[in-house]
Amino acid sequence: MLNVFERWTGISFGLMLALSSVLSPASVAADETALYALGDGRTVKPLDVFQECDVCPEMIVMPLGSFMMGARPEDSRNPFDFYGDDATGTVRRPDEVNIIPSEHPRHAVEMDIPYAMGRNEVTHAEWMNCVEAGGCSHNPDHRVLTFDNGYVALGPHHPVINISYLDTLEYVAWLNGEVGHELYRLPTRAEWEYAARAGTDTRFAQGDELTSDQANFSRAATENLRKTPMPELESRYMPVPVDDLDAANGWGLRHMSGNVIELTLSCWTPEQLGLTSARAYLQRALTHSGCERRVSKGGAFSTAMDVLRPATNRRPLETTRRDSQGFRLIREFEME
């Protein structure tokens, strides 16, 4: 019979030790000679930054590799339910491993789809290009309600907010029309988490803790969760422009932790699916029937630091719009 650790992590201690030499912190194919073709004849290689068209987001080519998806038990503490109306956790009994179920079982995933990830969250200016072209029907409210100053308007280089999963599908269809091929889409939860970790296996890509210079999150929410004063932190109470702060991970992706929580293509499940490849996660996302909630990841300006971990998952309805929710895209390449 599996012990409690094996039940929730999906891995035996022996196998964990064996994998640790291969997949810890991550196994990344460092083949910088891999080349991918863009539609205009240019070629790009891992970690190159490119923009494919005038209205396209900036993208960074992800290295191929594999990683351990989900949380280590010690990182997945769940002393009480702190996710609000997107609750993903429950209080465990004293004899159970005290973890958030949606972050387990932890398992190895092979990234067998070559792709580039948006360097930034899609901005309001980028979204409005779609609105003005007639491709997006929703013109989102670009204001944030603050405690001290009421509604505050954001600028063109802030992430687009108050858009739903269903809204993003219009943007994706419009952008693919601009480039003439079905290349851009939302990432799956596996693609998003692999990119967010950037070859690391710590709680965050930057280490086991974050500073307010590295990510935009809430000091008040963090103090409330941890029940301790943290005067070194700052609360901004709103998103910052996508190129603000020292917020890039090791692969150059900005604000994968904090700022706005990011929608994915994957359907919500109360526990990890345990699939072994990026292609399997994509196939499941495209064929999952009866999906009303999608996985969102990365935390936001209004959430505690702990919610910014790459392993954390939330579950908004496909129709949910809120001022802390945005998205970024990936661009698939063909295998040579």
Rounded FRET efficiency, nearest 0.05, which uses the C-beta distance separating Thr276 from Leu145 and R0 of 35 Å
0.25
Taking the full set of protein chains and a 1.4 angstrom probe, give the accessible area of Asp112 in square angstrom, rounded to the nearest 10.
40
Using a ≥ b ≥ c from the Cα gyration tensor of the stretch 163-243 (square roots of the eigenvalues), is it rounded, prolate or oblate, where a/c under 1.5 gives rounded and otherwise the larger of a/b and b/c decides, a/b for prolate?
prolate
Phi-based couplings in Hz for the stretch 319-331 (Karplus 6.51, -1.76, 1.60; Gly and Pro marked x):
9, 5, 10, 8, 7, 10, 10, x, 6, 9, 10, 10, 10
Ranked by how many other beta carbons lie within 10 Å on average, peptides 232-242, 41-51 from highest:
232-242, 41-51
Can you tell me the order of 314-324, 129-139 when each peptide is scored by its average per-residue count of other Cβ atoms within 10 angstrom, highest first?
314-324, 129-139
With every protein chain in place, the stretch 283-336: carbon and sulfur % of accessible area (1.4 Å)
39
Per-residue SASA entry for Arg72, accessible area with 1.4 Å probe, Å² rounded to 10
60
Under the Karplus relation 6.51 cos²θ - 1.76 cosθ + 1.60, θ = phi - 60°, what is the ordered set of whole-Hz ³J(HN,Hα) values for the stretch 160-169, x standing for Gly and Pro?
5, 10, 6, 10, 9, 4, 5, 4, 5, 5
Which far-off residues, 5 or more places away or on another chain, put their amide H under 5 Å from the one on Leu265, with H placed in the peptide plane?
Thr188, Arg189
Find how much the distance from Glu232 to Ala220 grows on full extension, using 0.36 nm per residue of separation minus their present alpha carbon separation; answer in nm with one decimal.
3.2 nm
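Using 0.36 nm per residue, how much length does the chain from Ser289 to Met128 gain when fully extended, once their Cα-Cα distance is taken away? Can you show the working numbers first?
Working: separation 161, 0.36 × 161 = 57.96 nm, distance 3.12 nm.
Here the answer is 54.8 nm.
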Tell me, what is the per residue accessible area of the stretch 125-184 in Å², probe radius 1.4 Å?
49
For the stretch 193-237, with every protein chain kept in place, what is the accessible area per residue (1.4 Å probe, Å²)?
42
Please list 3J(HN,Hα) in residue order for the stretch 224-230, calculated via the Karplus relation 6.51 cos²θ - 1.76 cosθ + 1.60 where θ = phi - 60°; whole Hz, with x for glycine and proline.
5, 5, 8, 6, 8, x, 9
Between the stretch 266-317 and the stretch 134-184, how many Å separate their Cα centres?
20
What is the gain in length, in nm to one decimal, between Asp246 and Asp201 on full extension, counting 0.36 nm per residue of separation less the C-alpha to C-alpha distance?
14.2 nm
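The values are calculated or read from the model by the stated rules, or taken from the named source; none is laboratory data. A quick note: this is a predicted structure, and the numbers were derived from the prediction, not measured. Every residue, glycine as well, gets a Cβ built from its backbone with ideal geometry; the counts of neighbours run over all protein chains shown. When the accessible area is computed, the model is the full protein with side chains, heavy atoms only, and any ligands, DNA or RNA have been set aside. Shrake-Rupley method; radii C 1.70, N 1.55, O 1.52, S 1.80 Å.
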